[in-house]
Amino acid sequence: MFHTIEFNDDFTLDLVISRKLPMERVKIERGCRLQAQLKPYVIEAADGPVEVADLYFEDGTTAQCVKFACFAFVDN
């Protein structure tokens, strides 16, 4: 299921386009809205657990380990 998400701040995502190609860096601007499927999980950071997700976009690209604090769900 695809969800509309909105990014809370400017930052750079590393997109996986293909396993055979290197990751591509893409600048995301605050307020950018995209459709994505999410695979949420928790990682252990130096200051404790952090909720993250792999984002699977409609164009087939993937962003891995994106903090939930970087985006919000948007009601359609």
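Each reported figure results from applying straightforward, stated rules to the coordinates on display, with no laboratory input. Because the structure is a prediction, the values reported are computed rather than measured. Positions of Cβ are backbone-derived with ideal geometry, glycine not excepted, and every protein chain shown enters the neighbour counts.
Here is how the numbers come out for the structure above:
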{"item": "Residues (over 11 Å from residue 71 (Cβ atoms), assigned to a strand (DSSP E or B) and charged (D, E, K, R)) located in region 1-18", "result": "14"}
{"item": "Every pair of residues 6+ apart whose Cβ atoms lie under 6 Å, when the first sits in region 56-76 and is β-branched (Val, Ile, Thr) while the second is in a loop (DSSP other than H, G, I, E, B)", "result": "61/17"}
{"item": "Residue pairs meeting the criteria (Cβ under 9 Å; at least 6 apart or on separate chains; first touching a residue at least 40 places away in the same chain (Cβ under 8 Å) and part of a strand (DSSP E or B), in region 31-54; second surrounded by 10 or more Cβ atoms within 10 Å (Cβ to Cβ) and of a type in the set (Val, Ile, Thr))", "result": "33/4; 33/5; 33/74"}
{"item": "Region 19-35: number of residues that are surrounded by 11 or more Cβ atoms within 10 Å (Cβ to Cβ) and either farther than 19 Å from residue 68 by Cα or in contact with a Lys or Arg (Cβ under 6 Å, 6 or more places away or on another chain) (or both)", "result": "2"}
{"item": "Region 7-18 - residue that is under 13 Å from residue 57 (Cα atoms) and surrounded by 14 or more Cβ atoms within 10 Å (Cβ to Cβ) and, of those, farthest from the chain's Cα centre (by Cα)", "result": "16"}
{"item": "Residue among 63, 69 that alone is of a type in the set (A, V, I, L, M), surrounded by fewer than 15 Cβ atoms within 10 Å (Cβ to Cβ) and under 13 Å from the mean Cα position of the chain (by Cα)", "result": "69"}
